[in-house]
Amino acid sequence: DHQVKIRGQRIELGEIEAALAVQPGVTGAVVMPRKIGAGEQLVGYITTSAPVQEAALKQALSARLAEVMVPSHIVSLDAFPLTPNKKIDRKALREQYSKDFAAA
């Protein structure tokens, strides 16, 4: 349903989200491609029940996923923006946090 092409490989975002969601302290996960610098990279957005370290998450994901599937950036949020139907509003998420990567 959410397939993207990164560095010439088709990636299922749901697989990455599922791998993130089972990590200790992570209560929710959304992964989206973002134009950062010269190319597209994956960014993981997470909600947590306790502080988590980005490096530790990336290391855990590296053990489970191919290198191209590990998000380049992981952003911790208090809550995901929601649509009126209570689904994650990916467009709002993209717009709200685009400034975070503008200078990258």
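The values are calculated or read from the model by the stated rules, or taken from the named source; none is laboratory data. Here the structure is a predicted model, which means the values were calculated and not measured. With ideal geometry, Cβ positions are generated from the backbone for all residues, glycine too; neighbour counts draw on all protein chains shown.
If I ask for residues that are more than 14 Å from K58 (Cα to Cα), modelled with pLDDT of 95 or more and of a type in the set (A, V, I, L, M, F, W, C), which ones from the range 19-38 would you list?
V30
One line per residue, one yes/no per condition, for (1) within 17 Å of A19 (Cβ to Cβ); (2) at pLDDT 90 or above; (3) aromatic (F, W, Y); (4) surrounded by 11 or more Cβ atoms within 10 Å (Cβ to Cβ):
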site	(1), (2), (3), (4)
G44	yes, yes, no, yes
S49	no, yes, no, no
L57	yes, yes, no, yes
A60	yes, yes, no, yes
A63	yes, yes, no, no
M69	yes, yes, no, yes
I74	yes, yes, no, yes
R94	no, no, no, yes
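Looking at the range 1-40, which of its residues are crowded, with 17+ Cβ neighbours inside 10 Å and either part of a strand (DSSP E or B) or free of Cβ contacts under 8 Å to residues at least 12 places away in the same chain (or both)?
Selection gives I11, V26, A29, V30, V31, M32, P33, R34, I36.
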